[in-house]
Amino acid sequence: MITGTLFTTWLKGEFVGKDQYGNRYFQERKQPKPGRRRKRWVLYNGKIEASKIPPEWHAWLHYTTAEPIKVDEKKPWMKEHLPNLSGTVNAYVPSGDDRRGGKRDKGTGDYEAWTPGS
Amino acid sequence: MPKLTIDGIEVEVEPGTTILQAAEQVGVEIPRFCYHERLSIAGNCRMCLVEVQPGPPKPAASCAMPVADGMTVKTNSPMAMKARKGVMEFLLINHPLDCPICDQGGECDLQDQAMAYGADTSRYAEAKRAVKDKYLGPLVATQMTRCIHCTRCIRFAQEVAGVPELGATGRGEHMEVTNYVEKALHSELSGNVVDLCPVGALTNKPYAFNARPWELKKTESVDVFDAVGSNIRVDSRGPQVMRVLPRVNDDVNEEWISDKTRQAVDGLLRQRLDRPYVRKDGKLKPATWKEAFEAIAAKLNGLSGDKIAAIAGDLADVESMAALKDLMTGLGSTSIDCRQDGMKVDPAVRASYLFNSTVAGIEEADALLIVGANPRWEAAVMNARIRKRYLMGGLKIGLIGQNVDLTYKVDHLGTGPATLQELVDGKHSFAEVLKGAKRPMIIVGTGALMRDDGFQVLGAARKLADAVGAVTEDWNGFNVLHTAAGRVGGLDVGFVPGEGGRDTHAIVEGAAKGDIEVVWLHHADEIAGERLGKAFVIYQGHHGDRGAHRADVILPGAAYTEKNATWVNTEGRVQRGRLAVFPPGEAREDWTIIRALSEVLGKTLPYNTLAQLRDRMTAANGVFGRIDEIVPAEWATFGDDTPLSADAKAFALPIENFYMTDSISRASLIMAECTDVYINGNDEKKTGTDD
């Protein structure tokens, strides 16, 4: 339940930005006491899933950068962020899995069994 | 005895000891590359430099300098450290920095010692030298650019293996270790150069790029490919045996193993029996253990004991033979035999089938007679021991049988039993050599004992041993050289025909005639299936070899790396093999199969654990309680005293192909390649345009 977080956001939060998944990022409105830093948090769009946070916002959330990294500064070699797909139909399936034909490469301990015909 | 001080520790050592050996005695380790305790001293790597006083003001090579009274040795003084750092820098000048792709990585002497004596950066900016790789056969891969010219491999080939095929050409920077011609190294011990090589110049070819040493589980075990019982370390990763290395045991194999021991393990992954089979309508069909046991029970139900027989093969362990013997006794059968080649020895007299002088005892012998054996193939590591004794000097060796190259000089006395009879009668000049010797040795091979006149040969050898004084209080010079790892264990546990029982020959004959209805082949693969007539054959083993093809029921057992088992080597040394990986699929440890079947047959064996079974073995024969010990056997009269006939045919050798002697090595692809290279003589390097 995020009722508490929503209340805190209404009471103290200052909207900072929004990412491509619709997650909204907040920080404390007031300047903190000396020796402390402004708290930063996220309100997820839909399911609470930490891997949905793209790297530019991840850096800001963890105080690696003072300001969120601007998305339009993206370099051509940067890949699109991909949240964890485990449990979904798009989850990764290794090539030896039954769902992908069940044929895997030879591995340690594979042996050839004798059959009467051979 | 000279007294000297090493790093402040005073020590008194034998004269003639080198500084490095003396340091080892007080626990000070001096780094080295070329020095090896079982090879001659070369003194060419210069890594073992130490400061010696009194003496010239320069470091001395400790491996080659004998100790002198009043010497003061400093192994870690600034002078020694500076000298070693200099040596290391020179060694690394021409050594490639390819540790990440080198198979020696993680177990490399140069890598380890560079951590202690290497500089952090190189001052060398010039081009490194490159050396063409040499061809040493299918077992040894070479990367000669990595060679640091320690010459260990050259000395091993020359001294231990007895094949002077390796050498060095050129000098200084142009020195190359080479075998001069592009031909395989003609030795059964060639794999040992891989262990000796302190760098990655010589590596294990079949194991290349398969694993790193730190990934491997090390299990100390015993070899079963010959009857020497070499001590081995089985390196496995998960469910696969990756490689086999020797373990040091000065009484058995020193630190060598044969190529078959080392490389045949890839056979453990092929042709495996991983589930029970039962023959239905003339065809073998996969079955469950329950179905297999029920098929056996149905056949044995009401069958009298004299129609049942069991033959144990060369790879059978003692535990399973003990259990099978108890089961056969329960079924009322005494027709059991562990000698599938029909070898004639006297099971009642332990001395008649042991290598009584012991392997280490070879070094004390001063005359040796080999009868009908080729130790180079039947016990390659033991042959290296005979050669070691030969190189010490003063050993006269006579050979009766086929005149084979044993890597040392022998007097070929004759080919058949007639010569042996002449020796017994004292008519041959070599009899005087044996008589004159203090510790004469007579080695009788399986080839001489598996003949029809085997008992006469045994008796003749025993008479000769008595006549030349080979058996005294502290020396027994009568030796039988076995070829099968399970043989002595089987004889010790009493897996031999009991009262009214048949031996192997009679079992096969009986099966062909129909007198024997059930034959249990326990790891026995050397019995031709068609000779067993219409008998119901139960095969227990781990490979689909000759035995499995003829079987009516197949019980999948475990290979030697897959069970905790006891083996007895040819000298009667009881040794334990340990489980390194689990048997594949449905296969089980062998004694448990027999124990489970006994319950189905209603003859439940009185043991549930391995410990209980071993207690039972020890109760039956005390030697099984004395692990890794030699229990001297009582000397008695055995064999047939009838003189050997003068026109008996010559002794044949039991092994036709060293590289394929059992079901595991026959399934091995590497052994097949070795057969092609060494036996069929295709020992020249393939050029790429061949075939």
Residue-ordered couplings for region B:605-611, obtained by feeding phi - 60° into the Karplus form 6.51 cos²θ - 1.76 cosθ + 1.60 and rounding to whole Hz (Gly and Pro as x), are 6, x, 8, 10, 10, 4, 4
If one computes the Cα centroid of region B:227-281 and of region B:615-675, what distance in Å separates the two points? 18 Å
Using only the Cα atoms of region B:3-93, what are the Rg and Dmax in Å? 12.4, 39
Which is farthest toward the positive dipole end of the protein assembly as shown among B:ALA652, B:GLY477, B:THR169, measuring Cα position about the Cα centre, with Cβ charges +1 (Lys, Arg) and -1 (Asp, Glu)? B:THR169
Cross-link partners among lysines for B:LYS58, C-alpha distance below 21 Å, same-chain residues fewer than 8 apart left out? B:LYS74, B:LYS82, B:LYS85
At a Cα cut-off below 20 Å, give the aspartates and glutamates reachable from A:LYS74, other chains included and same-chain residues fewer than 8 away excluded. A:ASP19, A:GLU56
Whole angstrom only: what separates the Cα centroid of region B:561-613 from the Cα centroid of region A:48-82? 61 Å
Return the long-range amide H neighbours of B:LEU185 (sequence gap of 5 or more, or a different chain), with a cut-off of under 5 Å between placed amide H atoms. B:GLY137
Each residue of region B:115-122 in turn: what ³J(HN,Hα) in whole Hz from Karplus with 6.51, -1.76, 1.60 and θ = phi - 60°, glycine and Pro shown as x? 5, 8, 10, x, 7, 6, 10, 8
Report, largest value first, the span of the C-alpha coordinates of chain A along each principal axis, in whole Å. 82, 37, 28
Label-point separation (nm) for B:ASN680 and A:LYS70, each offset 7 Å from Cα along Cα-to-Cβ? 7.3 nm
Quick P(r) readout (the protein assembly as shown; Cα-Cα; 10 Å bins; whole %) gives 2, 11, 17, 19, 17, 13, 9, 6, 3, 2, 1, 0
Considering only the other residues whose Cβ falls under 15 Å of the Cβ of B:LEU420, what net charge follows from Lys and Arg at +1 and Asp and Glu at -1? -2
Summing +1 for each Lys or Arg and -1 for each Asp or Glu, what net charge is found among the other residues whose Cβ lies under 13 Å from the Cβ of B:GLY544? +2
Reachable aspartates and glutamates from B:LYS649, Cα under 17 Å, same-chain residues fewer than 8 places away excluded? B:GLU422, B:ASP452, B:ASP453
Sort out the exposed loop chymotrypsin sites (Phe, Trp or Tyr not before Pro) in chain B (DSSP loop, at most 13 other Cβ within 10 Å) and tell me the longest stretch that has none. B:210-691
Cα extents of region B:79-209 along the three principal axes, largest first, in whole Å? 42, 31, 28
What does the convex hull of the alpha-carbon atoms of region B:483-605 project to on average, in nm²? 8.5 nm²
Dividing the convex hull volume of the alpha carbon atoms of region B:421-568 by its residue count, what do you get in Å³ per residue? 156 Å³
For region A:3-61, what is the convex hull volume of its Cα atoms per residue in Å³? 91 Å³
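Can you give me the relative contact order of chain B as a percent, contacts being Cα pairs under 8 Å and 6 or more apart? Mind showing how you got there, number by number?
Values: 1517 pairs, mean separation 105.3, N = 691.
Contact order relative to length: 15 percent.
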Below 8 Å between Cα atoms, with a sequence gap of 6+, how large is the relative contact order for region B:432-507 in percent? 32 percent
What whole-number distance in Å separates the alpha-carbon centres of region B:49-95 and region B:11-42? 13 Å
Two decimals is fine: what is log10 I(q)/I(0) at q = 0.11 Å⁻¹ for region B:356-481, from a Debye sum with one equal scatterer on every Cα and no solvent? -0.31
Per residue, how big is the convex hull of chain B when only Cα atoms are used? Give it in Å³. 181 Å³
Across B:LYS435/B:LYS463; A:LYS79/A:LYS103; B:LYS344/B:LYS427; B:LYS563/B:LYS603; B:LYS325/B:LYS603, pairs whose alpha-carbon gap is larger than 18 Å: A:LYS79/A:LYS103; B:LYS344/B:LYS427; B:LYS563/B:LYS603
Which whole-percent values make up P(r) of region B:575-691 when all C-alpha to C-alpha distances are grouped in 5 Å steps starting at zero? 2, 7, 8, 10, 10, 12, 13, 14, 11, 7, 4, 3, 1
Quick check: net charge around B:LYS218, other residues with Cβ under 10 Å of its Cβ, Lys/Arg +1 and Asp/Glu -1? +1
Only loop residues by DSSP count here, and only those with at most 11 other Cβ atoms within 10 Å; note down the GluC sites (Glu not before Pro) in region A:50-89 that meet that. A:GLU80
Give me the percent relative contact order of region A:3-61, please, defined on Cα pairs under 8 angstrom at least 6 residues apart. 26 percent
Provide, for region A:3-61, the number of lysine pairs with alpha carbons under 21 Å apart, each pair being eight or more places apart or on different chains. 9
Report, for the protein assembly as shown, the % of DSSP beta bridges that are antiparallel, rounded to 5. 60 percent
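FYI, it's all coordinate maths here, none of it is from the lab. Fair warning: this is a prediction, and the values are worked out from it, not measured in the lab. FYI the Cβ positions are ideal-geometry reconstructions off the backbone, even for glycines, and counts take in every protein chain you see.
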